[in-house]
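Just below is one structure, and these are the notes that go with it.
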Amino acid sequence: MNQNTPYCLPAGMSVETFLAEYWQKKPLLIKGGLPALVGMFKPEDVLGLAVEDGVSARLISQDDANPEQWSLKSSPLSEDDIDQTPKLWTILVQNLEQWSPELGEMWSHFDFIPKWQQDDIMVSVAPQGGSVGAHYDEYDVFLAQGYGRRRWMLGKMCDGDTPFVPNQPIRLLDDMGEIIFDEILEAGDVLYVPPGLSHHGIAQDDCLTFSFGFRRPNLVQIIDEIADVATNHSQLFRVLTLSQAAQKDAFELSSQSIQAMKSALLELLNSPAGDELFGSAVAELVSKRQYELVAFDDELSDNELKARLNDGECLLLNPACRFVRVADDWYINGECVCLADDERQLLLALIGGAVITSDDIANHLPTLCQWLNDNWLILV
Ligand code: SIN
Ligand code: CO
């Protein structure tokens, strides 16, 4: 959020070079790419979080007698689950920006990719030898070592036809092809892995690896969202006018009729109204959160907020929210929000990294209180 945050790219590499040569194409090791991550968390912090209510966590383990046999348990996880693991295990916790605004701020190191593609931060905690096996992901990910060391091996590119090991609860590859990268990442190092590239990370000691994951919608999601947005446009409920050619078989739905309906749809999409419909659908879709937003505080009244700010707390943007701007319109957590000019300025300031203290509230108090109660802001 802070515009002065250094990008997580190798020294001397421009954003243009990264986007042209690496993004979605090739892996890239960024030694010391995220120094601020070092020491931010210890393994025990993550284990404590993994058993909390509302946290999305998974325990992946390998059988002691037969490490080729994997197990998966999804949250809720208990202290017992953690105490009774076999020797080789990994606990993954998703959506960390929800629980740690400080970590959420780290997204700004990746602002060379638009925010709407930034998905969530996951962490893995594992003892020596722990792993989630060889696999590939469909999305881009920056794997950032936060604590301890992890050996990463990268192999072949995979796609939907690449087979997974049968009868296992997680997606595992038994063949990574030729290993093109094999290095141990130290705390602070970052490895960019493009979609489809097989990878296998093995903890060298007690280790935390943070995955900054990206996302893009697929066409089914876009079609689905268009349908959703379209229900607000009453004129689209009008029955289509279709010319009818003489037909021998009354049972037939002719290709001509299908084409005529498709043309009507394409005509709509290609019109100014269609641009608006499509634009809103895509903006709503990409600004949706994958995980429910958790409120940490009861709702506050304007006066209660004022008192908290007077006591020295301050307001900042909640890094777990999704803010997407299309021209002058803002989409927040899946909804288009109407903002007055002064509210837009205030939001822009917060997005630019502004921290609101009791000196800055002036006549914005009701707006800020509303935004806090909507969880767009956090009080720290
Ligand atoms: C891990 O951190 O162990 C797994 C992350 C990944 O492979 O995507
Ligand atoms: Co992966």
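The values are calculated or read from the model by the stated rules, or taken from the named source; none is laboratory data. Keep in mind the model is a prediction, meaning the values are calculated, not measured. Glycine gets a Cβ as well: all are built from the backbone with ideal geometry, and neighbour counts include every protein chain shown. Heads up: the accessible areas ignore ligands, DNA and RNA and are worked out on the full protein's heavy atoms, side chains in. Shrake-Rupley method; radii C 1.70, N 1.55, O 1.52, S 1.80 Å.
Scanning the stretch 78-99 for residues that are within 30 Å of residue 352 (Cα to Cα) and either free of Cβ contacts under 8 Å to residues at least 24 places away in the same chain or of a type in the set (A, V, I, L, M, F, W, C) (or both) returns 93, 96, 99. Looking only at the stretch 305-342, residues that are touching a Cys at 6+ places or on another chain (Cβ under 8 Å) and of a type outside the set (S, T, N, Q) come to 4 in all. Taking only pairs six or more apart or across chains, which ones have beta-carbon atoms under 8 Å, a first residue in the stretch 4-15 that is of a type in the set (A, V, I, L, M), and a second residue that is in a loop (DSSP other than H, G, I, E, B) and open to solvent by less than 90 Å² (accessible area, probe 1.4 Å)? Here the result reads 9/33; 9/112; 15/9; 15/112, each pair linking the stretch 4-15 to a residue that is in a loop (DSSP other than H, G, I, E, B) and open to solvent by less than 90 Å² (accessible area, probe 1.4 Å). The number of residues in the stretch 1-42 that are open to solvent by less than 40 Å² (accessible area, probe 1.4 Å) and polar (S, T, N, Q) comes to 1.
When you look at residue 290, is it in contact (Cβ under 8 Å) with a residue 60 or more places away in the chain, assigned to a loop (DSSP other than H, G, I, E, B) and polar (S, T, N, Q), yes or no? It is true that residue 290 is in contact (Cβ under 8 Å) with a residue 60 or more places away in the chain, assigned to a loop (DSSP other than H, G, I, E, B) and polar (S, T, N, Q). Of note, residue 249 does not satisfy the criterion of being within 16 Å of ligand 1 (Cβ to nearest atom), part of a loop (DSSP other than H, G, I, E, B), more than 19 Å from the chain's Cα centre (by Cα) and surrounded by fewer than 19 Cβ atoms within 10 Å (Cβ to Cβ). Checking each residue in the stretch 125-135 for being in contact with a Ser or Thr (Cβ under 8 Å, 6 or more places away or on another chain) and either open to solvent by less than 10 Å² (accessible area, probe 1.4 Å) or of a type in the set (A, V, I, L, M, F, W, C) (or both) picks out 125, 126, 130, 131, 132, 134.
The set of residues in the stretch 140-153 being within 11 Å of ligand 1 (Cβ to nearest atom) and of a type in the set (Gly, Ala, Ser) consists of 144, 146. Could you go through the stretch 188-206 and let me know if any residue there is open to solvent by 10 Å² or more (accessible area, probe 1.4 Å), small (Gly, Ala, Ser) and either within 23 Å of residue 21 (Cβ to Cβ) or within 14 Å of ligand 2 (Cβ to nearest atom) (or both). Looking for residues that are open to solvent by 10 Å² or more (accessible area, probe 1.4 Å), small (Gly, Ala, Ser) and either within 23 Å of residue 21 (Cβ to Cβ) or within 14 Å of ligand 2 (Cβ to nearest atom) (or both), one finds none in the stretch 188-206, hence no. Give the residue that is farthest from residue 336 (Cα to Cα), with candidates limited to residues of the stretch 266-291 that are among the acidic types (Asp, Glu) and surrounded by 12 or more Cβ atoms within 10 Å (Cβ to Cβ). Within the stretch 266-291, the match that is farthest from residue 336 (Cα to Cα) is 276.
Residue 110 fulfils the conditions (1) aromatic (Phe, Trp, Tyr); (2) near ligand 1 (Cβ under 10 Å from one of its atoms); (3) open to solvent by less than 70 Å² (accessible area, probe 1.4 Å) except for a single criterion, (2). Within the stretch 38-64, residues that are touching a residue at least 60 places away in the same chain (Cβ under 8 Å) have Cβ atoms under 9 Å from residues that are assigned to a loop (DSSP other than H, G, I, E, B) and β-branched (Val, Ile, Thr) in these pairs: 54/294; 60/132; 60/170, counting only partners at least 6 apart in sequence or on another chain. Based on this model, can you work out whether residue 137 counts as of a type in the set (Asp, Glu) and within 11 Å of ligand 1 (Cβ to nearest atom)? Criteria met by residue 137.
Looking at 96, 88, 49, 77, which is the one that is hydrophobic (A, V, I, L, M, F, W, C) and in contact with a Phe, Trp or Tyr (Cβ under 7 Å, 6 or more places away or on another chain)? The unique qualifying residue is 49.
Scoring residue 141 on the criteria (1) open to solvent by less than 60 Å² (accessible area, probe 1.4 Å); (2) more than 15 Å from residue 172 (Cα to Cα); (3) more than 12 Å from ligand 2 (Cβ to nearest atom) leaves a single failure, condition (3).
Only one entry in 178, 138 is acidic (Asp, Glu) and within 22 Å of the chain's Cα centre (by Cα), namely 138.
Does the stretch 216-226 include one or more residues that are of a type in the set (Lys, Arg), within 16 Å of ligand 1 (Cβ to nearest atom), touching a helix residue (DSSP H, G or I) at 6+ places or on another chain (Cβ under 9 Å) and open to solvent by less than 90 Å² (accessible area, probe 1.4 Å)? No: the stretch 216-226 contains no residue that is of a type in the set (Lys, Arg), within 16 Å of ligand 1 (Cβ to nearest atom), touching a helix residue (DSSP H, G or I) at 6+ places or on another chain (Cβ under 9 Å) and open to solvent by less than 90 Å² (accessible area, probe 1.4 Å).
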